[in-house]
Amino acid sequence: MPNLTELASWKALQAHFDQIKDVRMRDLFAQDQGRFNKFSTQMDDILLDFSKNRINDETFGLLCDLAREVDVEVWRDRMFSGEQINISEFRPVLHTALRNRSNTPVYVDGEDVMPKINRVLAQIRYFTERVRGGHLRGYSGHLITDIINIGIGGSDLGPQVVCDSMKPFAQRGMNVHFVSNIDPTHLTEVLKFVVPESTLFIVSSKTFTTQETMMNAQSARKWFVETTGNEKAVSRHFVAVTTNKSAASEFGILDENMFEFWDWVGGRYSLWSAIGLPIALYLGMDRFEELLEGAHAMDMHFRSAPIEKNMPVILAMLGIWYNNFFDAQSHAVMAYNQYLRRLPAYLQQLDMESNGKTINRQGKRVDYLTGPVIWGETGSNAQHAFFQLLHQGTKPVPADFLVPARSKNPLGEQHSVLLANFFAQTRALMNGKTEDEARAELEAAGLPEDVVDDVLPHKVFEGNKPTNSIMFESLEPRTLGALLALYEHKVFVQGVVWDINSFDQWGVEYGKQLASDIQQELASRENTTRYDDSTNNLINYCMLLKFSD
Ligand code: F6P
C-alpha cells in the first residue's frame with residue numbers, strides 16, 4: 001500500500017479540510033433539516049447519531065472513499081477468515097470465532113476451530129452450573145459465594161467491565177471480585193471480605209507468566225493454605241484460564257479445572273473466551289451466551305453493512321478525521337450509565353494497546369499520528385469534573401456519549417434528568433452560545449451594562465465540539481456484547497487505515513525487563529549507582545526510607 005498520506009482520498013480530505021475547518025455545525029443544521037437522517041445508522045436497537053460532527057456530504061463521502069482505498073473490507077474479511085494478520089507474532093486474529101454463533105467453520109492451520117471453542121463453552125457451562133447450583137462446593141461443604149479473578153490487562157478489564165455492567169443480572173449470593181495490581185493492597189483489601197471455605201480463585205493469564213498475576217496467585221494460595229491449614233484443598237478452590245496448561249499444572253491446578261484458550265486470541269480481545277469464566281459464574285452461562293450473541297450480531301453488521309451505514313467504520317473514520325486532520329490528541333467516552341463506569345478503562349487497553357504504535361506494517365516509522373489517548377467518565381459525573389475543558393478549553397476533544405433509554409433502577413424522575421443532561425450536553429457542545437445570546441441573557445438577568453461587558457467574554461461558548469451519540473433501549477447482555485464488539489471493530493478499522501499491526505504489544509515488554517533488573521537491585525538493600533542519576537537517587541532515597549518488601 002502506498003504511504004497513507006499519498007493516497008488520493010487522503011489528499012482530497014486534506015484539501016477539503018481547509019474548506020470546512022471553520023464551518024460551524026449549527027449552520028450545517030440550519031441549512032439541512034434532514035441532517036440526522038443522513039448522518040445516523042442503526043443496528044438492532046443501537047442507534048448511532050453522528051450528525052453532531054464537523055462533516056458535510058463531501059466530508060463523509062471522502063472518509064468513506066478513504067476506507068475503501070485502504071481496503072478496509074478486504075482486511076475485515078482477512079481477519080474473519082483467519083489469515084495471519086498479526087504479522088509480528090505470525091498469528092491469526094480470531095476473537096470473532098469465539099462468538100461465532102452461526103458455527104460456520106473457521107480454519108486455523110487447516111483445522112476448524114469451532115469444535116474446540118464449543119467444547120470449552122460446554123466445559124464452562126457445566127462447571128458454572130455446578131458451582132451456581134451448589135453441586136460443586138468448597139472443601140468443607142460450603143457453597144461458593146465469592147469468586148476472585150486474579151488477572152491483569154485483558155485478563156481483568158474485559159470480565160470486569162461486563163460483570164460491573166451486568167449487576168442486575170447477577171445471582172443473589174454470588175459475589176465477584178477482581179484482583180490485578182501487584183500492589184499488595186489490592187489482594188489484601190479483597191481477602192478481608194471473603195472466607196476461604198466459600199471462595200473460588202480464578203487465575204486468568206493467557207501466558208501464565210505475567211508477574212503481577214503469578215505473584216498474586218501465589219499470595220492467594222499462601223493465604224488459603226495458612227487460613228485453612230489444608231493444602232490439599234487448593235485444587236478445589238483454584239482454577240485456571242490460560243493457553244499455558246503446563247504452567248497451570250505446575251501451580252497445582254487440576255486438568256478438569258483448566259479452561260483453555262488459544263494464541264490467536266489477543267489478551268485485550270479475550271473476554272469472549274474462557275477469560276469470561278467469572279462472567280458466566282456471576283451471571284450464569286445463558287447471560288454469557290447472550291453477550292456472545294450480541295457481539296456476533298455486531299460482527300454480522302460489520303461484515304455486511306455498506307460502508308456508509310457501517311457503525312464501526314463510521315466511528316473509525318470520524319476518529320481519523322479528528323485525530324489526523326484536526327490534530328485532536330485524545331478521544332473521550334462518556335457513558336451516561338453508572339453500570340458502565342469501567343468502560344473507559346476497558347477501552348483504554350483495547351484502543352491504546354492496539355493502536356499506540358509508530359512502526360507500520362512495512363517496518364517503517366509512520367509520518368502521521370496514530371492511536372489517540374482514550375479517556376472518560378460516567379455522565380453526569382463527568383459534567384462536574386472536566387466538561388469545563390470540553391466546552392471552553394483550547395483542546396479539541398471529540399467524544400462518544402452513550403445512554404440507555406430505560407434504567408434498570410427507575411427512581412422518581414432521575415433517569416429522565418440523566419437523559420435531559422445527555423441531550424443538553426451534546427447540543428451545547430455542538431451549538432455553543434454566541435456573544436449576542438450571552439449578552440441577551442446577562443441583560444435579561446438585570447446586570448448593569450459595565451458588569452455585562454466585563455463578564456460577557458467568559459459566558460461565550462464557541463461550540464462546534466463534535467460528539468457521537470449512541471442510544472439503545474436498555475443495558476442488556478446482548479446490547480453490551482454488541483457495543484464492545486463495535487469498539488473492537490472501530491479499533492481494527494483505524495489500524496487498517498494507519499497501516500499498523502493492532503494485535504501485538506511489544507511496547508509493554510521493555511518496562512517489565514527493567515523492573516525485573518531493578519527488583520534485584522532493591523533486594524540487595526544497598527545503595528546503587530547503576531542507573532541514571534534520577535533513578536539512582538530515587539532508589540537510594542527509598543533505601544533511606546526503609547521501603548516495604
Ligand atoms: O499489557 C500487556 C499484556 O500482555 C496484555 O496484552 C495482556 O492482556 C496482559 O498483559 C495480561 O497478559 P496475560 O493474560 O498473559 O497474563
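The values are calculated or read from the model by the stated rules, or taken from the named source; none is laboratory data. Quick caveat: nothing in here was measured; it's all calculated off a predicted structure. Cβ placement follows ideal geometry from the backbone for every residue including glycine, while neighbour counts extend to all protein chains displayed.
Quick notes
- Test result for GLY371, outside any loop (DSSP other than H, G, I, E, B), buried (at least 22 other Cβ atoms within 10 Å of the Cβ) and in contact with a helix residue (DSSP H, G or I) (Cβ under 8 Å, 6 or more places away or on another chain): no
- Residue in the range 460-475 that is free of Cβ contacts under 8 Å to residues at least 60 places away in the same chain, charged (D, E, K, R) and away from the ligand (no atom under 16 Å from the Cβ) present: no
- Contact annotation: residue pairs with Cβ atoms under 8 Å, 6 or more positions apart or on different chains, pairing a residue in the range 258-286 that is without any contact (Cβ under 8 Å) to a residue 40 or more places away in the chain and over 12 Å from LYS206 (Cβ atoms) with a partner that is more than 14 Å from the ligand (Cβ to nearest atom) and of a type outside the set (Gly, Ala, Ser), are MET258/VAL239.
- Against the test of being of a type in the set (A, V, I, L, M, F, W, C) and modelled with pLDDT under 95, the options PHE208, PHE169 yield a single qualifying residue, PHE208.
- Test: residue in the range 105-112 that is touching a residue at least 40 places away in the same chain (Cβ under 8 Å), away from the ligand (no atom under 16 Å from the Cβ) and more than 30 Å from ASN216 (Cα to Cα): yes
- Taking first residues from the range 519-538 that are touching a residue at least 12 places away in the same chain (Cβ under 8 Å) and partners that are of a type outside the set (A, V, I, L, M, F, W, C) and part of a helix (DSSP H, G or I), the Cβ contacts under 6 Å between residues at least 6 apart in sequence or on separate chains come to ASN527/ASN540; THR528/GLU521; THR528/ASN536.
- Top-ranked residue of the range 447-470 - restricted to ones that are of a type outside the set (D, E, K, R) and part of a loop (DSSP other than H, G, I, E, B), ranked as farthest from ARG26 (Cα to Cα): PRO448
- Among the residues making up the range 499-537, those that are small (Gly, Ala, Ser) and either exposed (fewer than 10 other Cβ atoms within 10 Å of the Cβ) or part of a helix (DSSP H, G or I) (or both) are GLY507, GLY511, ALA515, SER516, ALA523, SER524, SER534.
- Taking first residues from the range 332-352 that are in contact (Cβ under 8 Å) with a residue 12 or more places away in the chain and within 16 Å of the ligand (Cβ to nearest atom) and partners that are part of a loop (DSSP other than H, G, I, E, B) and among the small types (Gly, Ala, Ser), the Cβ contacts under 7 Å between residues at least 6 apart in sequence or on separate chains come to ASP351/GLY371; MET352/GLY371.
- Any hit, the range 274-287, residues being modelled with pLDDT of 95 or more, outside any helix (DSSP H, G or I) and either within 13 Å of the ligand (Cβ to nearest atom) or of a type in the set (Asp, Glu) (or both): no
- Scanning the range 252-272 for residues that are within 14 Å of the ligand (Cβ to nearest atom) and touching a helix residue (DSSP H, G or I) at 6+ places or on another chain (Cβ under 7 Å) yields a count of 11.
- For the range 377-406, the set of residues classified as outside any loop (DSSP other than H, G, I, E, B) and either on the phi > 0 side of the Ramachandran plot or of a type in the set (A, V, I, L, M, F, W, C) (or both) consists of ALA382, PHE387, LEU389, LEU390, ALA399, PHE401, LEU402, VAL403, listed by residue number.
- Helices (runs of 4 or more DSSP H) completely within the range 1-72 that count 2 or more residues being within 15 Å of LYS309 (Cα to Cα) and more than 27 Å from the chain's Cα centre (by Cα): 35-38, 57-69
- Pair list, Cβ < 6 Å and 6+ apart or interchain, from the range 196-207 residues that are of a type in the set (D, E, K, R) to residues that are more than 12 Å from the ligand (Cβ to nearest atom): GLU197/GLY138; GLU197/SER140; GLU197/HIS142
- Restricting the range 476-514 to residues that are small (Gly, Ala, Ser) and touching a residue at least 40 places away in the same chain (Cβ under 8 Å), the residue that is farthest from the ligand (Cβ to nearest atom): ALA482
- Test result for LEU157, surrounded by 16 or more Cβ atoms within 10 Å (Cβ to Cβ), over 15 Å from PHE261 (Cβ atoms), within 21 Å of the chain's Cα centre (by Cα) and modelled with pLDDT of 95 or more: yes
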